[in-house]
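The block underneath contains the structure these notes are about, expressed in structure tokens.
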Amino acid sequence: MDPIAVPCFRSCRCPRRDTVGGNPIPRHPRAVRAENQLLEQQIAALGSIAGVERLAREQFGLVYDGEVSYVVETITVEPAAVAPPLSMDESAPWYAKVWNYLTGRDLVPDEQS
């Protein structure tokens, strides 16, 4: 026999007390007051022509007639993968090491026959 899910009567009848309209009730009044103050400042700034102009320029890229809008995009370039140099034969004489360095033989493996 398969189990039947029966919801609790209380959960159906009484909504959760820690939510209002499905949104959680904030637990820190100071944080809510600070957020409200910030939002009120933003509303006051949008009450002026300069505030609306600033918002239009910053968020929507709008300009007046005759102005030119430039967008600067930055790109990140990852450094190219560089293979570490091959291990040098430490028993080779110094002049062989210099010659291998000058000719680039230290960057490619020796051909093995």
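Just so it is clear, none of the values below were taken in a lab; they were calculated from the coordinates. These numbers were taken from a predicted model, which means no experiment stands behind them. So basically every Cβ, Gly included, is an ideal-geometry build from the backbone, and we count neighbours across all protein chains shown.
See the values below:
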read-out	value
Order by protection proxy (mean Cβ within 10 Å, highest first), peptides 90-98, 71-79	90-98, 71-79
Whole-Hz couplings from phi, Karplus 6.51/-1.76/1.60, listed for the range 67-74; x for Gly and Pro	8, 10, 9, 10, 10, 9, 10, 9
